Amino acid sequence: MAICRLRSLLSLAKCNSQTFQLRSFSSSQAPPHHLQNVGFIGLGNMGSRMANNLMKAGFRLTVHDLNSDVLNKFSQMGVSTKETPYEVSEASDVVITMLPSSAHVIDVYTGPNGLLHGGKLLRPWLLIDASTIDPQTSRNLSATISNYILKEKKGDWEIPVKLDAPVSGSVIAAEAGTLTFMVGGSEEAYLAAKPLFSSMGKSTIYCGGAGSGSAAKICNNLALAVSMLGISEALALGQSLGVSPSTLTKVFNCSSARCWSSDAYNPVPGLMEGVPSSRDYNGGFASKLMAKDLNLAVESAELAGCKYPLTSEAQKIYTELCNGGHEAKDFSCAFRHYYSGTDEIVDH
């Protein structure tokens, strides 16, 4: 019996060793053939870091941005740069876009020298838009692309596919490769593109058909805005009633009010280190971007025929913050600049 157990343990050890060797070998392999040449358009704060992580993972990059200084930096790193989206398309198996708005995405896809400039033939088999835009634009572009055909068949793919894949996470997360992707479109294409997502993020969630990723992102940021305003309002009220933010935060985080805005991203200056409120609300997620996302949420709710009283109120508050000169400050600045909350007094 003892000999049998020993043989069993040796067999298990051998199996684990082979598994480890297989994983080590797999992680050092070149990217899959259908994903080797990746185009990236939009090299801003988020896009530049995402592109860097793809380069580190071994993908061959071709990039484009309107900012020539950014292009020069990538060129100095040995990355191929192009002057138009169409030129990126012609050099790529996959093209990823990370742009500020729906209008920018439409222009990059359908404008002069855009990705779809070359008639009804496309080189890339997959187009991934990581921008935060309205779901209807995502669906319309997916429908348009489905009418194109590939210049060369890529595996089983004869018709190009588009995924909407907006992200959750800050510039820090983009740098660290810990973004969360919310993906809409063909599930088969989503599975085929996973090596790309895993090179830029830690989590990837398939949300459904075309536009579902965009819809999920809008809903996520709507909930985030409302929760931040609720926590800020409660903390400011607590201050007015003589309860310190630190005490009230302890209550929240041990009770039913606990949320990300209270325990990981507290809006009160002096209460938590390493968050925008600790550095005069600099860095983080700008109020102007939250206002943009709330505008998208309102438009989507109106199209869907849904009630949106909290979305509407949050939209008004962030629009007021932007008009008051706080558009570049992190969205948690509502505590100070809308609710007139004050810093936590720390005893030394």
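The values are calculated or read from the model by the stated rules, or taken from the named source; none is laboratory data. Note that the coordinates shown come from a computational prediction; the quantities given were computed from them, not determined experimentally. Every residue, glycine among them, receives a Cβ derived from its backbone with ideal geometry; neighbour counts consider all protein chains shown. Calculation scope for accessible area: heavy atoms of the full protein, side chains included, ligands and nucleic acids excluded. Shrake-Rupley method; radii C 1.70, N 1.55, O 1.52, S 1.80 Å.
What the table below lists for this structure:
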{"read-out": "Where SER261 falls short, out of the listed (1) open to solvent by less than 30 Å² (accessible area, probe 1.4 Å); (2) closer than 15 Å to GLU344 by Cβ", "value": "(2)"}
{"read-out": "Total residues in the range 272-324, condition in a loop (DSSP other than H, G, I, E, B), over 17 Å from TYR338 (Cα atoms) and not charged (D, E, K, R)", "value": "8"}
{"read-out": "Residues that are open to solvent by 80 Å² or more (accessible area, probe 1.4 Å) and closer than 15 Å to ALA210 by Cβ, drawn from the range 145-157", "value": "ASN147"}
{"read-out": "Lone qualifier among SER8, SER75 - being among the polar types (S, T, N, Q) and modelled with pLDDT under 95", "value": "SER8"}
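To keep it simple, each residue is scored yes or no on (1) open to solvent by 70 Å² or more (accessible area, probe 1.4 Å); (2) closer than 27 Å to SER170 by Cβ; (3) among the small types (Gly, Ala, Ser).
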| site | (1), (2), (3) |
| --- | --- |
| LEU99 | no, yes, no |
| ASP107 | yes, yes, no |
| THR110 | yes, no, no |
| LEU116 | no, no, no |
| GLY119 | no, no, yes |
| LEU126 | no, yes, no |
| ALA130 | no, yes, yes |
| ARG139 | yes, no, no |
| ALA143 | no, no, yes |
